[in-house]
Amino acid sequence: MSLTQFTNLDFDQIKTSIRDYLRANSNFTDYDFEGSNFSVLINALAYNTYINSYNANAIVSEVFLDSATLRENVVSRAKEIGYLPRSRTSARANISFFVDTSNLTSNPLTITLKKGSVCVSSTSFNSTNYSFCILDDITVPVIDGIASFDNITVYEGNFVTENYTYNDSQKFILSNIGVDTSLLSITVRDSVASTFSQKYNLSKNIFGVDETSKVFFIQEINDELYEIFFGDGVFGKKLENGNYVEATYITCSGENANGASGFSFTGRLFDNNGRIVVNDISRVTVDTAAFGGKSIETIDSIKKYAPRVYASQNRAVTSSDYETIVSQIYPEVESISSFGGENLTPPQYGKVFISIKPINGPYVSNLVKDNIKTALRKYAVAGIIPEIIDLKYLYIEFDSYVYYDPNFTVSPEALRTNVFDSLSTYANSNSLNKYGARFKYSKFINLIDNVSEAITSNITKISIRRDLKIEPNKIATYEICFGNEFYVGSILSSGFYVAGISSIVYLQDDSNGNVNLISTDDGTTVNIIRRNIGTIDYKKGEIILFPINIKDTVKKFGIDNIIQISATPLSNDVIGLQDLYLQLDVSNSSINMIVDNISSGSDYSGSNFIKTSSYSENKIVRQ
């Protein structure tokens, strides 16, 4: 008798299969399974089979990275291909304070701020007190009775020290969750009684590691805990039994502390003779509010990046390899884009361009850029030069005419506010704020329609904008790229001043691929000041201004030295090409509420219906 093949985990199908199996036996040919107590046994068998099948399926699913759902299993699968998930990251702030030593009898030469807790945030921030620490002692000189601690970096979290005595069979597991592994420090002494210690550095791979390298390794285990381990004498120096290991680290709250800015001093101060300095630090100046805190890497992120890191084999060959490796080198990456110089016009062979949007702030500092490029040297293929460039924002603005039915109780002002709120939420979502993002026009107008039943339709016009940063009082050539094809004759600009011209001037698209310099007295009458001061490539979405001396700009929205240039895209679906970072600029957009007379019943014939053009007409001056 052949066994039934189960094709799914449906409970009723399993019962049917068991009954069919029994009916195949001559003793049960005419047996009434439904009307007898035998049905209870069949239900029990089916239930047991169902549970076993489900458990077997779940167990098999957890074996593979793509289908695993439990974090410890995902981490374990990622560990097999050499991927270390990012730990929780501590928020950091910069503070300053001074110590007045004039009332001290010891007349100290230096004051030392001991490692550990330094300050606590005020309870007004997220209704929580966040402790901020330093990892090492900071010593400053006393000058004219004042010891100044200027712009020191403090890290959110609790400072923890753990000690171990090494033996071969011991596992070194950090006993707290929320560890920021980037701030983990390991020192080793020959024994507990020894006063000489050696610092060991974290190594994420075995490249460049030999039998003398003082390194340690780390891996995530169950429940978001971490285990540290040392070399075996081949890859990394091997510890000896009895060595004394000290681990110091910070357990943090991740992104919850971002933004904390009010602090009270809680640190410990000592003078150069080792005596405690009691001083009322009544004022702690916040140079930079807390930023950079991040949660532990999510399961989805591990599934996304672990295979990519494995595929690159810690070598930067393709542009996507650079994206993956830079994300590991610089954890503050919110979004990253890299592309080969061969894709530029004109091509720049032998270079790869990397643009980074950090989590906090619009740009990466020059110091961080240099550090990233230095770290990339051991991954990059010889002959390829990485260039880290500042990101370029491509703004999307909209002019929306929203029709509504006045028979609903909601007011047009409330509707307008609700539309703004909905679009602001969309503007801050991950759908836009990243490289390679795409603005989807159909979904955008649906967002407006779905805000309320009172909204009957909308006519929305889209424009794209770049902000051109000028060099005042210098003759310079400017190139600005939109990465999207735009309509002929649709270029607009804000006002600026040019050497030799007293009036405010603007850029004008002459519809023939040239840029003119114009002025206007009333916003409608055009006076052409200079012709052909630049060219326009409508297909590529590129504007080039020939050498020109721009003295100053008309300040727009409180920003100096910026000329806003906008155009109407040929397609309402806008993409962020290469190093263009897409953002929906709700604050510089408009929403106009219009009564829908047809829907309200006041004008069934449509004779008095207010029509709105879908065409984005060109204006002479960007107001």
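The values are calculated or read from the model by the stated rules, or taken from the named source; none is laboratory data. For clarity, every value in this text was computed on a predicted model and none was experimentally measured. Reconstructed Cβ throughout: ideal geometry from the backbone, glycine too, with neighbour counts over all protein chains shown.
Looking only at residues in segment 266-278 that are of a type outside the set (A, V, I, L, M) and outside any strand (DSSP E or B), which one is nearest to ARG189 (Cα to Cα)? Only one residue tops the list, namely GLY274. Being of a type in the set (Val, Ile, Thr), at pLDDT 85 or above, outside any loop (DSSP other than H, G, I, E, B) and on the phi < 0 side of the Ramachandran plot is a property that does not hold for ILE598.
The residue pairs whose first member lies in segment 320-339 and is under 20 Å from ILE296 (Cβ atoms), whose second member is surrounded by fewer than 22 Cβ atoms within 10 Å (Cβ to Cβ) and of a type in the set (S, T, N, Q), and whose beta carbons are closer than 6 Å, counting only pairs six or more residues apart or on different chains, are THR324/SER312; VAL333/SER327.
Only a single item in (1) modelled with pLDDT under 85; (2) outside any strand (DSSP E or B) is not met by ASN527, and it is number (2).
Let's see how each residue does on (1) of a type outside the set (Ser, Thr, Tyr); (2) crowded, with 19+ Cβ neighbours inside 10 Å:
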position: ASP390; (1), (2): yes, no
position: ILE396; (1), (2): yes, yes
position: ALA414; (1), (2): yes, no
position: THR417; (1), (2): no, no
position: LEU423; (1), (2): yes, yes
position: SER431; (1), (2): no, no
position: LYS434; (1), (2): yes, no
position: THR456; (1), (2): no, no
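Taking segment 206-265 as the range and being assigned to a strand (DSSP E or B), among the acidic types (Asp, Glu) and within 30 Å of ILE359 (Cβ to Cβ) as the test, the residues that pass are GLU220, GLU227.
Remark: pairs (first residue in segment 405-416, farther than 16 Å from ASN597 by Cβ; second residue of a type in the set (Val, Ile, Thr) and surrounded by 12 or more Cβ atoms within 10 Å (Cβ to Cβ); Cβ separation under 8 Å; 6+ apart in sequence or on different chains) = LEU415/VAL402; LEU415/VAL451; LEU415/ILE455; ARG416/VAL402; ARG416/ILE591.
Inside segment 314-348, can you point out the residues that are assigned to a strand (DSSP E or B) and either more than 17 Å from the chain's Cα centre (by Cα) or on the phi > 0 side of the Ramachandran plot (or both)? Step through it out loud before you land on a result.
Taking segment 314-348 and keeping what is assigned to a strand (DSSP E or B), we get 316, 333-340.
Correct list: ALA316, PHE339, GLY340.
I'd like to know if segment 436-456 contains one or more residues that are over 32 Å from the mean Cα position of the chain (by Cα) and part of a strand (DSSP E or B). Scanning segment 436-456, I find at least one residue that is over 32 Å from the mean Cα position of the chain (by Cα) and part of a strand (DSSP E or B), so the answer is yes. Consider segment 120-146 and keep the residues that are in contact with a Ser or Thr (Cβ under 6 Å, 6 or more places away or on another chain) and part of a strand (DSSP E or B). The one that is surrounded by the fewest Cβ atoms within 10 Å (Cβ to Cβ) is PRO141. Of all residues in segment 367-391, those that are within 22 Å of GLN348 (Cα to Cα) and not in a loop (DSSP other than H, G, I, E, B) total 12.
Residues that are buried (at least 18 other Cβ atoms within 10 Å of the Cβ), assigned to a loop (DSSP other than H, G, I, E, B) and either at positive phi or not aromatic (Phe, Trp, Tyr) (or both) within segment 66-86 comprise ALA68, LEU84, PRO85, ARG86, listed in sequence order.
For segment 352-367, a residue qualifies if it is free of Cβ contacts under 8 Å to residues at least 60 places away in the same chain and surrounded by 16 or more Cβ atoms within 10 Å (Cβ to Cβ), and the qualifying residues are VAL352, ILE354, ILE356, PRO358, VAL364.
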